[in-house]
1. Kindly indicate whether any position in region 186-194 is at negative phi and under 15 Å from the mean Cα position of the chain (by Cα).
2. Which residues, counting only those in region 154-184, are in contact (Cβ under 8 Å) with a residue 60 or more places away in the chain and hydrophobic (A, V, I, L, M, F, W, C)?
3. Under 6 Å by Cβ, and 6 or more places apart or on different chains, what pairs join a residue from region 37-61 that is farther than 19 Å from A227 by Cβ with one that is surrounded by 14 or more Cβ atoms within 10 Å (Cβ to Cβ) and modelled with pLDDT of 85 or more?
4. Within region 219-226, does at least one residue satisfy the condition of being in contact (Cβ under 8 Å) with a residue 40 or more places away in the chain, assigned to a loop (DSSP other than H, G, I, E, B), of a type in the set (G, A, S) and open to solvent by less than 50 Å² (accessible area, probe 1.4 Å)?
5. If we scan region 196-208, do we find a residue that is surrounded by 15 or more Cβ atoms within 10 Å (Cβ to Cβ), among the aliphatic types (A, V, I, L, M), farther than 19 Å from L77 by Cβ and within 19 Å of the chain's Cα centre (by Cα)?
6. Could you give every pair whose Cβ atoms fall below 7 Å, whose first residue belongs to region 245-259 and is of a type outside the set (G, A, S), and whose second residue is loosely packed, with under 12 Cβ neighbours inside 10 Å and assigned to a loop (DSSP other than H, G, I, E, B), counting only separations of at least 6 or pairs across chains?
7. With the requirement that a residue be closer than 14 Å to I240 by Cα and open to solvent by 80 Å² or more (accessible area, probe 1.4 Å), what does region 142-167 give you?
Amino acid sequence: TLISALFLLYYTFVLCPQVLYTGALAFRKVFELDAVPLWVLCLAIGLTGAGYALFGGLRAVAVSDCLNGVGFVIVGLWIFFASLQHLGGLSALFDEPSYLLTLVQHSQVYDNDTKSRESGTPSIPWHVNLTGLLLAQVYYWSTSQLIIQRTLGAKSLAEGQKGVLFAALMKVAGFMFLCVPGVIAMVMLKRGSAVAGHAFHVDRSDEVYPEVVRAMMPRWSLGFFAAVLLGSVLSTFNSILNSSSTLFAVEVYKMYVSR
């Protein structure tokens with residue numbers, strides 16, 4: 001029960017705000033909705049997701065995950081290849097090999113105040129990748145109710161095993177549309193690249209991906225991206241709500257309230 005309570009606190013005060021914030025920020029940046037406060041977008045996404053989870057349950061989350069996953073792969077690969085084409089090919093990434101190093105003590109760190117990259121200490125020290133981060137990933141992918149509820153909800157053991165293997169495959173391939181766009185943005189900034197006659201720029205480090213999307217995707221396709229983005233945010237948010245309700249019902253309500 002104590003562990004479940006810690007999970008519930010983590011979902012409430014850390015994970016849910018993080019998901020809503022990142023989704024609302026990307027949505028506002030891509031569609032240039034600077035006049036709309038972030039809390040309004042967060043509230044709209046949260047209420048939509050809450051209603052969706054309330055009436056749909058885990059089945060609705062699972063079905064929407066499949067559709068959103070296909071859309072996210074299409075958009076992610078689109079941005080990946082469009083960005084590489086803009087730079088001149090895959091070899092352009094290796095013009096700055098220091099950007100690709102991971103196990104380093106010092107690297108180019110973006111400063112939100114000066115809006116430039118300067119040599120500094122990475123937010124995640126290199127040795128954490130070999131120690132603490134490994135344990136965190138094992139916890140997240142193997143014990144978190146948010147993740148394993150999909151496997152536990154499979155109609156058979158074989159179907160659950162297939163789902164886990166496919167998810168692992170997508171996780172390995174995910175670096176192409178989750179990590180590489182950030183490296184591409186760094187190269188574009190250093191080169192002073194222009195997109196549609198305007199210099200590519202990033203005001204804050206958490207706006208890198210939305211800026212790359214807005215620069216690489218034609219305007220007529222932004223509606224498709226909006227659907228995929230909103231679906232992905234709602235999928236994660238709904239999964240949090242569903243897992244939270246399960247933990248509360250089984251570990252708190254059933255044990256201490258309705259005994």
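The values are calculated or read from the model by the stated rules, or taken from the named source; none is laboratory data. Owing to the predicted nature of the structure, the values given are computational and were not obtained by experimental measurement. Every residue, glycine as well, gets a Cβ built from its backbone with ideal geometry; the counts of neighbours run over all protein chains shown. Accessible surface areas use protein heavy atoms only, side chains included; no ligands, DNA or RNA. Shrake-Rupley method; radii C 1.70, N 1.55, O 1.52, S 1.80 Å.
1. As a first pass, look at region 186-194 and keep what is at negative phi: 186-191, 193-194.
Applying the additional criterion that residues be under 15 Å from the mean Cα position of the chain (by Cα) yields none.
No; the residues of region 186-194 include none that is at negative phi and under 15 Å from the mean Cα position of the chain (by Cα).
2. M170, M176, F177, L178, V180, V183, I184
3. Between residues of region 37-61 that are farther than 19 Å from A227 by Cβ and residues that are surrounded by 14 or more Cβ atoms within 10 Å (Cβ to Cβ) and modelled with pLDDT of 85 or more, the close pairs are L38/A24.
4. no
5. yes
6. If the second residue must be loosely packed, with under 12 Cβ neighbours inside 10 Å and assigned to a loop (DSSP other than H, G, I, E, B), the pairs left are E251/T1; V252/T1; M255/T1.
7. The answer is R150, and nothing else.
Per-residue answers, yes or no, for (1) assigned to a helix (DSSP H, G or I); (2) out of contact with any Leu (no Cβ under 8 Å at 6 or more places or on another chain); (3) modelled with pLDDT of 80 or more:
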{"site": "S123", "(1), (2), (3)": "no, yes, no"}
{"site": "N129", "(1), (2), (3)": "yes, no, no"}
{"site": "L135", "(1), (2), (3)": "yes, yes, yes"}
{"site": "G163", "(1), (2), (3)": "yes, yes, yes"}
{"site": "V172", "(1), (2), (3)": "yes, yes, yes"}
